1. Most fluctuating residue of A:L103, A:L200, A:L29 in a GNM of chain A with Cα springs under 10 Å: which is it?
2. What number, in percent, do you get for the relative contact order of the range A:93-202 if the mean sequence gap of Cα pairs under 8 Å and at least 6 apart is divided by its residue count?
3. Which whole-angstrom value gives the distance between the alpha carbon centres of the range B:341-391 and the range A:178-226?
4. Per DSSP H run of n ≥ 4, the term is -39500 (n - 2.57); total these for chain B, divide by its residue number, and report the mean residue ellipticity at 222 nm rounded to 500 deg cm²/dmol.
5. What's the exposure ranking of A:Y252, B:Y359, going from fewest to most Cβ atoms within 10 Å?
6. Please state the charge dipole magnitude for the range B:277-456, taken about the Cα centre, from unit charges on C-beta atoms (+1 on K and R, -1 on D and E), reported in debye and rounded to the nearest 20.
7. Counting other Cβ atoms within 10 Å of each Cβ, which GluC sites (Glu not before Pro) in the range B:270-338 have at most 10 and sit in a DSSP loop?
8. Springs between alpha-carbon atoms under 10 Å, Gaussian network over chain A: tell me which of A:G79, A:G56, A:G140 tops the mean-square fluctuations.
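Every number in this text was worked out from the coordinates using simple rules, so none of it is lab data. The shown structure was predicted, so the numbers you read here are calculated from the model rather than taken from an experiment. For neighbour counting, all protein chains shown are included, and Cβ atoms are generated from backbone atoms with ideal geometry for every residue, glycine included.
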Amino acid sequence: MEKTIKKSSLTISENGLEKKVSSKRLEVLKTYKIYIGGQFPRTESGRYYIPTNVAGKKLANVCLSSRKDFRDAVLAARGAVSGWSGRAAFNRGQVLYRMAEMLEGRKAQFIDELIQQDAPRAKAEKEVNLAIDRLIYYAGWCDKFQQVFSSVNPVASSYFNFSVPEPTGVVAMIAPQGDSLLGLVSVIAPVIAGGNTCVLLASESKPLCAVTFAEVLNSSDLPAGVVNILTGKPGELVSWFVDHMDVNATIYCETNSEIKKMIRERSAMNLKRIFFYDKVNWYTQEGQSPYFIMDTQEIKTTWHPIENIAGAGGGY
Amino acid sequence: MAKTKNNTLKLKFDTSWSYAPAPESKSAATINKQYDLFINGEWQKPLSKKYFDTINPANEEKLSEVADAGEADVDKAVKAARNAYDKVWKKMPAKERAKYIFRIARMVQEKARELAIIESLDGGKPIKESRDFDVPTAANHFFYYAGWADKLEYAFPNRITEPLGVAGQIIPWNFPLLMAAWKIAPAIATGNTVVLKPAETTPLTALKLAEIIQESGLPPGVVNIITGAGDTGAAIVNHPDINKIAFTGSTEVGKIIQRAISGTDKKATLELGGKAANIIFEDAPIDQAVEGVINGIYFNQGHVCCAGSRLYVQESVAKLVIKKLRDRIETLIVGDPLDKNTDIGAINSRQQLETILKYISIGKKEGAEMYESSCRLPGKGFFCRPTMFTNVAQSSRIAQEEIFGPVLSILTFRTDDEVIEKANNSPYGLSAGVWTDKGSKIFNMTRRMRAGVVWANTFNKFDPSSPFGGYKESGFGREGGLHGLSAYVNIVN
């Protein structure tokens with residue numbers, strides 16, 4: 001089964017954009033579009049770019065998303081916050097697990113795309129397997145991190161007082177440019193496991209997996225708008241990501257210190273929470289942790305009086 | 001007021017009885033004529049050679065003069081902190097660090113009365129608040145965090161942490177000693193060293209704390225306390241050898257700080273402004289709610305970032321609640337901060353009084369209806385009557401912007417969804433309150449309000465074990481409790 005798929009997809013790449021089709025049956029090529037609010041539109045700008053692999057082979061005509069696409073994506077993400085964060089944590093776990101199931105089922109396609117994007121087969125297989133396992137890992141955390149990071153606080157007065165994590169809201173992310181699937185999954189999963197929604201800019205040079213991953217999301221019972229994926233150039237879009245007043249947090253995964261400075265500077269406008277995951281090795285254990293979930297959580301503390309706590313004698 | 005006809009019982013406050021003056025004695029407090037900078041465990045003359053006055057806002061008389069730290073002084077303090085970090089503090093066994101902090105907590109308790117008097121003299125807050133809230137809570141913060149020093153592996157499951165290094169801490173004038181404790185205690189418990197700057201209008205209790213720290217034998221340089229205004233703060237923020245900025249103050253300055261450190265690896269926690277919604281439902285215990293609203297907005301003259309400055313009352317009880325609030329503000333005693341009966345003391349500074357008065361006139365211009373207490377204000381000093389506005393629009397500036405004074409904006413609502421929409425319609429998200437007798441409604445509201453601290457059927461409660469800090473433009477990071485520790489450590493692996 002896997003072999004046949006491999007074969008046929010290999011044909012796609014070989015017969016890709018530039019090579020003449022020689023087989024009897026003409027392959028159907030995939031259009032790589034962006035993912036906003038559960039739909040697959042083309043960029044409103046009508047622009048595209050053509051990423052190539054090392055050998056110079058064209059990968060696809062990929063949407064060059066615009067500021068307006070980003071704005072639409074934020075609208076979709078904002079609209080999805082209350083529904084997604086309002087779901088039972090258990091249910092979020094089920095949806096993330098479903099995402100892993102869907103990814104497992106389309107493993108071959110992802111391996112093929114990674115190979116097109118220059119990964120050796122063994123590395124591509126490893127990356128897809130890890131991405132699936134990472135989703136399972138965070139699926140399990142959905143209804144557990146709250147217990148680990150909550151507290152009942154022993155205040156010195158007659159109040160019941162507790163602190164719990166809550167999602168910070170809409171998170172804008174520039175995905176890791178290198179690990180185009182594993183990196184993408186590793187930044188999305190903790191953010192949505194915690195009940196946030198997000199807008200993500202895929203790897204500029206390796207965007208294929210990101211778009212195909214959107215298809216996985218689309219068939220995983222993940223509500224529309226929870227994850228929105230754009231393709232395009234970070235250089236063009238980062239500043240809009242950090243300027244938008246309805247974005248609560250920004251995640252940046254590259255080392256460019258000029259961009260990092262710009263993100264910190266401009267995020268001050270509405271005090272976005274900022275996280276730089278530029279030193280994380282997504283292939284190791286350090287690439288997954290409930291502390292990533294906590295980055296995009298706020299701690300809420302609630303107080304309520306307890307009647308007559310001192311005089312009641314505690315019933316003992 | 002008693003002549004007002006109504007069907008509800010009303011306490012009669014307008015009796016012929018009045019409170020005799022009950023002033024706390026100033027003799028229990030020693031204030032030096034002049035204070036230098038507390039750097040490396042010693043009192044050092046400022047290299048800037050400059051001093052500035054700190055006054056009593058209740059009578060505008062000079063209390064003392066304090067050094068105005070310049071860039072060179074800041075540099076000296078940071079060097080002392082770095083040296084203490086490298087050579088002493090980070091190497092010291094955590095349990096020994098803990099004992100120093102416990103000792104400081106005890107000494108604050110021992111000198112509680114003196115600290116309370118100075119706090120009220122320098123900042124204008126009523127002695128009953130500095131005595132019963134600020135000073136004991138400050139001591140408790142040291143006591144609470146002392147115990148964490150050697151237990152950090154329990155706070156960060158499955159991870160090892162390390163201190164950040166030198167923390168630059170800049171604190172406001174509304175809770176001078178308490179904010180110093182909030183900042184210093186978790187920082188040094190986790191193994192960092194500190195350069196702290198109190199606000200320019202309220203430096204004295206932080207300097208008293210420096211005396212306590214010196215007396216406690218804390219190794220020199222672990223805590224450095226330097227005084228000055230905005231320029232001193234900027235020098236701390238911009239100093240290249242500082243690893244962490246902890247700031248409590250206005251959102252405006254918080255954003256400036258965030259921009260200033262954007263090209264660096266400095267970490268920050270910002271505890272900024274607020275415009276808390278305090279919501280009263282028709283089924284609430286109205287008398288308790290009225291007390292809660294009064295405490296929520298008039299506590300500390302309203303100089304509270306988490307003050308309940310936007311009151312949302314359900315329409316069906318609005319008339320009753322407003323009447324009771326008017327009756328209640330009439331009974332608040334405004335005057336000498338050192339008088340034990342005083343409810344509302346002096347506004348912290350002339351500048352702040354002007355800000356408050358500006359907002360009061362904006363409120364009137366915007367068409368809201370104003371009520372204020374008819375009390376007489378002292379002839380000298382900075383005072384403001386407890387004030388409230390009704391018929392306030394959601395878009396009104398007095399409903400959107402932080403006033404930081406004893407001014408309450410009252411709005412009404414009909415349904416749960418409506419009030420959530422209105423309450424969350426603010427760039428701030430520090431605190432919120434809800435009053436209702438129905439348990440399920442409490443949890444519905446507390447869950448949906450976007451704020452870091454939510455008080456249900458109470459308001460303005462604080463505790464060292466309870467995390468405090470905001471959502472959205474009220475800042476990031478938490479202070480207090482287990483969650484307050486993460487502001488001062490790096491998670492290593």
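1. Highest fluctuation among the options: A:L29.
2. That works out to 27 percent.
3. 53
4. Numbers: 15 runs with 176 residues, N = 493.
Helices in chain B give a 222 nm mean residue ellipticity of -11000 deg cm²/dmol.
5. B:Y359, A:Y252
6. Values: 22 positive and 21 negative charges, 62 e Å.
With only Lys, Arg, Asp and Glu charged at Cβ, the dipole is about 300 debye.
7. none
8. Comparing A:G79, A:G56, A:G140 in the GNM, the peak value goes to A:G56.
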